[in-house]
């Protein structure tokens, strides 16, 4: 008599292999997360202007602080490869600079075959509200967790996620994507030469998008050559 269990054996083997692969992925993911070095730095903020030099980072996130101190949480996969510097310049600006120690950091071989960025470091920066924040960077992902203050972002390439815009915001980049959710009464000026502009998931035919409101509370200006812009206004 034909044994039906023989028909189910390949299914059980396939399911078992899938569970093993899933467990392996889980262990590797947790190994990466827990292998990151965590550095926390805090400092009182005396100035309204904060300038961040993000070179040496893969990603940076700006959050609202609950006090008058700036807090930096640096997650570094390669220990002791990044250093955070503070500088008070003569113009009344607080400069935050992330330096990559090239003597400690050894770049992987066959770089041209690696598609992801190589710094393997992320910073979370908590800043008191109502400060003027400027971010400079090259290839980096920038996230504003709905920061309540004015924000300027100057990068070459990367994804910029503004979430809810709660201050005058300027974004200039060459290539990447910009995502933002806008409150009512926001003055908008979008210009991208070759990128696409989508408003509430609807693609515009033009590469320009402007809304002028004399009673606007916030201003959003985005200028790019090849970046795509995704706005939610509803």
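Report the equivalent ellipsoid semi-axes for the range 33-232 in whole Å, largest first, defined as the square roots of five times the eigenvalues of the gyration tensor built from alpha carbon atoms. Walk me through the intermediate numbers first.
Working: eigenvalues 175, 101, 34 Å².
Gyration-tensor ellipsoid for the range 33-232: 30, 22, 13 Å.
Defining a contact as two alpha carbons under 8 Å apart and six or more residues distant in sequence, what relative contact order in percent does the range 33-232 show?
Computed value for the range 33-232: 19 percent relative contact order.
Take residue 88 and residue 130, extend 7 Å from each Cα along the Cα→Cβ direction, and tell me the distance between the two endpoints in nm.
Going from the residue 88 label point to the residue 130 one covers 2.1 nm.
According to a simple spin-label model (label point 7 Å from Cα along Cα-to-Cβ), what is the distance in nm between residue 48 and residue 179?
Using points 7 Å along Cα→Cβ, the separation is 3.2 nm.
Taking a point 7 angstrom from the Cα of residue 225 along the C-beta vector, which residues in the range 185-212 have backbone N less than 13 Å away?
Backbone N within reach: 193-195.
Using 0.36 nm per residue, how much length does the chain from residue 233 to residue 138 gain when fully extended, once their Cα-Cα distance is taken away?
Computed gain between residue 233 and residue 138 is 31.3 nm.
At 0.36 nm per residue, minus the direct Cα-Cα distance, what do residue 211 and residue 170 gain on full extension? Give it in nm, one decimal, please.
Working: separation 41, 0.36 × 41 = 14.76 nm, distance 1.51 nm.
So the chain would gain 13.2 nm between residue 211 and residue 170.
Computed from the coordinates by the stated procedures, all read-outs in this text should not be read as laboratory data. Predicted model only: the values in this text are computed from it and were never measured. With ideal geometry, Cβ positions are generated from the backbone for all residues, glycine too; neighbour counts draw on all protein chains shown.
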